[in-house]
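Have a look at the structure below before the remarks.
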Amino acid sequence: MDLDQLKQTWNSQQFKTPDLPKATGHRTDSADAARRRLSNRFRMATIMAALMAINIWPLADVIDTPLWLDTCMCVYFVIMAILSGLSWRQTQRIDFGALTLTDAIRKVVRLRRTMTLRLVAGIAMAAPLLSVLLLHFLHDSYSLACGVAGGIVGGIAGFIICQRNFTHIKEMQRIASDTL
């Protein structure tokens, strides 16, 4: 065989690669609906954290906190807005119809890990910040009582929201795993 014949033979060969399974049908729609709900939650968390970061300075005059505490609160909300925005973007990139099942599962597991990191970072930053804020309000019993009540209500609401977010993640993982 000469070189030209070898090239023609090579070019005429059709190599079939095995198709990796794709998520399709009703399960994809369910997983995509859970992804959209989670994405909307992250979008709202990003917007709310950004609005809080912007509104710290006007609120600082009302609650009469020191400048360093206002700055710490502003930095906290900026960091949380960035982390929520990253989770939002990461959620938007999961496309169950276009991804292979293994890639979809991998992305969902990565999103769950990111959500856990965001939760731990938020609690780790908020706990000392809230402690200092409550210590600042010790001189006024009304402000202290309102702060404690707000912390309890906010903690319960945050816990419920966090549980729902992880429920959506588990639903996406279950649907992707069942499709395999």
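Taken together, the values in this text are just the output of simple stated rules run on the coordinates, not laboratory data. Since we're looking at a predicted model, the values are computed, not measured. So basically every Cβ, Gly included, is an ideal-geometry build from the backbone, and we count neighbours across all protein chains shown.
Efficiency by 1/(1 + (r/R0)^6): what FRET value for residue 138 and residue 48, r their Cβ-Cβ distance, R0 = 22 Å, to the nearest 0.05?
My answer for the efficiency is 0.20.
Taking the Cβ-Cβ separation of residue 163 and residue 13 as r and a Förster radius of 45 Å, what is the calculated FRET efficiency to the nearest 0.05?
Working: r = 55 Å, r/R0 = 1.22.
After rounding, the FRET efficiency stands at 0.25.
Take residue 119 and residue 178, extend 7 Å from each Cα along the Cα→Cβ direction, and tell me the distance between the two endpoints in nm.
Computed distance between label sites residue 119 and residue 178 equals 2.3 nm.
Give me the number: length gained by fully extending residue 2 to residue 69, i.e. 0.36 nm times residue separation minus the C-alpha to C-alpha distance, one decimal in nm.
16.1 nm
If r is the Cβ-Cβ distance from residue 59 to residue 106 and R0 is 35 Å, what FRET efficiency results, to the nearest 0.05?
Taking R0 as 35 Å, the efficiency between residue 59 and residue 106 is 0.25.
Just one of [x] 0.93; [y] 1.39; [z] 1.56 is Cα Rg over 2.2 N^0.38 Å as worked out from the coordinates here. Which one is it?
[z]
Calculate one ³J(HN,Hα) per residue across segment 83-96 by plugging θ = phi - 60° into the Karplus curve 6.51 cos²θ - 1.76 cosθ + 1.60, and present them in order as whole Hz with x for glycine and proline.
5, 5, x, 5, 5, 4, 5, 5, 5, 5, 7, 7, 10, 5
Can you put 96, 137, 159 in order, fewest other beta carbons within 10 Å first?
Arranged by neighbour count, lowest to highest, 96, 137, 159 become 159, 137, 96.
Under 15 Å from the Cβ of residue 63, count the other residues' Cβ atoms, weight Lys and Arg +1, Asp and Glu -1, and hand me the total. It would help to have the intermediate numbers written out before the result.
Working: positive: none; negative: 61, 64, 70, 140.
Computed value for this residue: -4.
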